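Some notes on the structure that comes next.
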Amino acid sequence: MAQPRSAIGYLKWPLVVTAIGLVLSAWLGWATEQTLNGVLSFLLVGSVLAALEISLSFDNAIVNANKLDEMTPVWRQRFLTWGILIAVFGMRIVFPLAIVAIFAWVNPFEAMLLALAEPDEYSRIIGHAHGPIAAFGGTFLMMVALKFFVDEDKSIDWIEGLERRLRKCGSVRGFEIAFVLVIVVIVSQSLAEHQRSSFLLSAVMGLLAFTMVDGLGTYLDHSASAASQIGARGGLGAFLYLEVLDASFSFDGVIGAFALTTNILLIAIGLGVGAMYVRSMTIMLVEKGTLHQFRYLEHGAFYSIFALAVIMFMQSLMHIPETLTGLIGVALIGFALISSIRHNKREKI
């Protein structure tokens, strides 16, 4: 593993990308509005989008770091290079276009033209697709969180009373699936009748996606025959798991971005800049061994994931500001960090 760098070392590339992003945002503002106010407006929105992405992705960085710590150096580097390209270009550009292509029954090229020529219509279609997207992402993320807590082998508890009870539920076969399906059914009953079928179908697809990715990851990383084919354990399976998890985390940020602007290029720039900071946070957590130093930090991240899943379900019923979502995640991780520091001080006494 590479030697830990200084803080500025981890920020070098994010700062470079930030400078490029600001220049592109200013140019895009001038090309679109051809006024100084337009330039300043685009710079402000791009900066807010980057901040939104960072605040929503604290927990993502922690979970990624935990998984990367178990991966081989080769696959770790592949995730940090290929993975960031998929995250920025795939989820921040291709994903919104794919939504419009599916819901408007047009090809991706026409979706791109629609995004550039008719941004208001493009935003309307994205908004129409928000319910099914929230159902898919909420289901997937809730399964991710429950898999961590409903684990009989988990030895460290942060909120002891609650987590001990959840560990005991690990002996109940299918508990996580049953729990999530109950939540899905309750939420679906609060929706208008014409929205229920798409919500339920998307939730089932989210559950299926988690089951397939989790099962495939386990098979690839623990099967001796598969390991010999891909070169090492802790590789392709973990890579696929992290990519799908990163995509699920991105749903909320991508959808929330349209509340600030309908310009897909500005969205890609702002969220792309934020994604670079998340990547650097992930690398820092791995190289500095931060998760080993602060024992409850990972717990805070998974509580944040569970909260995000609940919020995504609730967004099918009402609007919840993305800033509130980000603040809840940051607060939970902050509390976990404070608890970890207090535990470390007690251990030294």
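Working only within segment 103-140, note down all residues that are surrounded by fewer than 23 Cβ atoms within 10 Å (Cβ to Cβ) and either assigned to a loop (DSSP other than H, G, I, E, B) or of a type in the set (S, T, N, Q) (or both).
If the condition is that a residue be surrounded by fewer than 23 Cβ atoms within 10 Å (Cβ to Cβ) and either assigned to a loop (DSSP other than H, G, I, E, B) or of a type in the set (S, T, N, Q) (or both), then 104, 105, 106, 107, 118, 123, 129 are the ones that fit.
Is it the case, given these coordinates, that residue 335 is assigned to a helix (DSSP H, G or I), closer than 20 Å to residue 157 by Cβ and not acidic (Asp, Glu)?
On the way: assigned to a helix (DSSP H, G or I): yes; closer than 20 Å to residue 157 by Cβ: yes; not acidic (Asp, Glu): yes.
Yes.
Anything in segment 30-54 that is buried (at least 18 other Cβ atoms within 10 Å of the Cβ) and touching a residue at least 40 places away in the same chain (Cβ under 8 Å)? List them, or say none.
Across segment 30-54, the qualifying residues are 42, 45, 46, 49, 50, 52, 53, 54.
The rows are residues; the columns are (1) crowded, with 19+ Cβ neighbours inside 10 Å; (2) of a type in the set (Ser, Thr, Tyr).
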site	(1), (2)
272	yes, no
282	yes, yes
292	no, no
305	yes, no
312	yes, no
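Residue 186: β-branched (Val, Ile, Thr), under 30 Å from residue 98 (Cα atoms) and without any contact (Cβ under 8 Å) to a residue 12 or more places away in the chain, yes or no? Don't jump to the end; show me each part of the working.
Numbers: β-branched (Val, Ile, Thr): yes; under 30 Å from residue 98 (Cα atoms): yes; without any contact (Cβ under 8 Å) to a residue 12 or more places away in the chain: yes.
Here the answer is yes, as residue 186 does meet what is asked.
If we keep just the residues of segment 178-230 that are part of a helix (DSSP H, G or I), polar (S, T, N, Q) and modelled with pLDDT of 75 or more, which is farthest from the chain's Cα centre (by Cα)?
Just the residues of segment 178-230 that are part of a helix (DSSP H, G or I), to begin with: 178-189, 193-222, 224-230.
Still in the list and also polar (S, T, N, Q): 188-189, 195, 197-198, 202, 211, 218, 225, 228-229.
Now narrow it down to the ones that are modelled with pLDDT of 75 or more: 188-189, 195, 197-198, 202, 211.
Details: 188: 23, 189: 27, 195: 25, 197: 25, 198: 22, 202: 18, 211: 18 Å.
Once the filter is applied, the top-ranked residue is 189.
The values are calculated or read from the model by the stated rules, or taken from the named source; none is laboratory data. These numbers come from a predicted model, not from an experiment. Note that we place each Cβ from the backbone using ideal geometry, even for glycine, and neighbour counts take in every protein chain shown.
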